[in-house]
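Please read the structure below before turning to the comments.
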Amino acid sequence: QVQLVESGGGLVQPGGSLTLSCAASGSIFRRYAMAWYRQAPGKQRELVARISSGGSTNYADSVKSRFTISRDNAKNTVYLQMNSLKPEDTAVYYCTQFGDSSRAPPSYWGQGTQVTVSS
């Protein structure tokens, strides 16, 4: 069974930085695309960033140039470095793992970690 465990969330001031981590187990991690989603209160879940098995990345326009997704296959870990944080970045952030088709919805979800950006 695939398990994804996020960590690194917390409270940060506008303009500050946080790095989220996601530890994956139960699969051949390097085979699969990974992504970070987020969900703010009263809003639908949205894709924030995705990284392919080969390391190619995609970002939502709202976080482009501020967030960086990366992976360390030796550690079975994916990261989301968040810089220049804004109040509208406040949300629960979820680590996800895709199955064999990265164009389908993610197959596995972590429990989420809260990020709050406030002065």
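Restricting attention to the range 96-106, does a residue exist that is modelled with pLDDT of 95 or more and within 13 Å of Thr19 (Cα to Cα)?
No, the range 96-106 contains no residue that is modelled with pLDDT of 95 or more and within 13 Å of Thr19 (Cα to Cα).
Would you point out which residue out of Leu80, Leu85 is surrounded by 15 or more Cβ atoms within 10 Å (Cβ to Cβ) and not in a loop (DSSP other than H, G, I, E, B)?
Leu80
For the structure I just gave you, tell me whether Ser118 is at pLDDT 95 or above and either surrounded by fewer than 14 Cβ atoms within 10 Å (Cβ to Cβ) or in contact with a helix residue (DSSP H, G or I) (Cβ under 7 Å, 6 or more places away or on another chain) (or both).
Yes, satisfied.
In the range 68-82, which residues are in contact with a strand residue (DSSP E or B) (Cβ under 7 Å, 6 or more places away or on another chain) and in contact (Cβ under 8 Å) with a residue 24 or more places away in the chain?
Across the range 68-82, the qualifying residues are Ile69, Arg71, Asn76, Thr77, Val78, Tyr79, Leu80, Gln81, Met82.
If we only count strands (runs of 3 or more DSSP E) wholly inside the range 1-56, which ones have 3 or more residues that are aliphatic (A, V, I, L, M)?
18-25, 46-51
Among the residues of the range 57-77, which ones are in a strand (DSSP E or B), of a type in the set (D, E, K, R) and surrounded by 14 or more Cβ atoms within 10 Å (Cβ to Cβ)?
Correct list: Arg71 only.
The values are calculated or read from the model by the stated rules, or taken from the named source; none is laboratory data. Source: prediction; values computed, not measured. When we count neighbours, we look across all protein chains shown, and the Cβ atoms used for this are built from the backbone with ideal geometry, even at glycine.
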